[in-house]
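Each value in this text was obtained by applying a stated rule to the coordinates, not by laboratory testing. Small disclaimer: the values here were computed from a predicted structure and weren't measured. Cβ placement follows ideal geometry from the backbone for every residue including glycine, while neighbour counts extend to all protein chains displayed.
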Amino acid sequence: MASPAPLLLLLLTALPPLWPSSLPRLDTAEGKATVAGLILSALERATFFLEERLPEINLDGVVGFRVLEGQLRSVQAEWAQDPLLQSLSLRVGTLAAKLESLLQTSIFYLKLSDPEYLREFQPTLLPGFWKLPRAWTRTNASLVYPTFEPEDSFSEDSSDSCLVELLGTRNDSSQPCGLSDSCRALMTKPGCSAYCLSHQLLFFLWARMKGCTEGLFHHSQHYIDLFCANMMDLNRRAEAIGYAYPTRDIFMENIMFCGMGGFSDFYKLRWLEAILSWQKVQEGCFGKPDVKDEELSKVIQYQQHFLRRVKRREKQFTDGCSTHNTATAVAALGGFLYVLAENPPAHGMPRLSPPSPPSSH
């Protein structure tokens, strides 16, 4: 499958304006509780969407909610110790318990709709698979590629094959941490962008979560640093063009994955505010924005023709809801909540306030 990287990169060429956020400051308990409440409300609405359409949610969508469930469990434990946050802790615990029940039911439906795909990726749905960061760092702009590949040869089939090889679920005799020459080449290929880049990062994140340390995996942190530096650059470019709809999914996926990698500078208040504004309030999902203007609708359709992610198992509903958009959104929002819980009000999100300098690319 040829990916539309050239047009995507054309859209992502401007330098980002550093728009301020109108959300409350995080250096007080009140501000922190207010922001946490906004995130929780969004996550509760998204969980309602999951519950309402559970038989139709694909595995990728379920994975995002599994990540969220783990984030909520950690947040609940942290806030239970703070008398000022115990009411929020109870609310988080209620949501986590509801999610756990829904996730168990989702596996039943996935066994019916896509049993082979479920067998290959079921480890990622198990409680505890997704390890949350305990230490934080920031991206290094000096690692950003001078140029991105003009043609992105990313293939979901090839990526899936490498991820299955890594998980050790290809067949009964395969073992975790497998790495063929072709997968080594694909997952370390320089100059990747968009989903090619995020899947390269996912490969090394999963390697770390599976405890793979031999050979190439001895250098996992180097690749994680490299890929997240470039994902930060692409997110800043997405911000520069006003978060045009076709860039939102990869924008949130980058926050989800690099947040799991421990990069605190992906948790910007203005990015949180943007993500919250994209949720469909009535449905609770994330996806194609409501467009009333016919001409604007044509522009978006034209962009989607070139920029859409051709995902074999993606589920796009007639009301514009997207399972993949919603999955990346809830995991990104759960990451914001996790960072809030990990840091006391005096510190807020790790070094959040000073904006990063504009990229030179």
Ranked 265, 114, criterion: other C-beta atoms within 10 Å, fewest first: 114, 265
Residues 222, 324, sorted so that the one with the fewest Cβ neighbours within 10 Å comes first: 222, 324
Region 94-158: GluC sites (Glu not before Pro) falling in loop per DSSP and having at most 15 other Cβ within 10 Å: 151
FRET efficiency for residue 277 and residue 218, using Cβ-Cβ distance with R0 set to 41 Å, rounded to 0.05: 0.45
Region 89-240, relative contact order [Cα under 8 Å, separation at least 6], %: 24
Label-point separation, residue 138 to residue 316 (7 Å along Cα→Cβ), nm: 3.8
Linear extension gain, residue 94 paired with residue 28, 0.36 nm per residue minus alpha-carbon span: 21.2 nm
In sequence order, calculated HN-Hα J values of region 199-205 (Karplus, 6.51, -1.76, 1.60; Hz; x Gly/Pro): 6, 4, 5, 4, 4, 7, 5
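Take 145, 245, 338 and order them by how many other Cβ atoms sit within 10 Å, fewest up front.
The most exposed by this proxy come first: 145, 245, 338.
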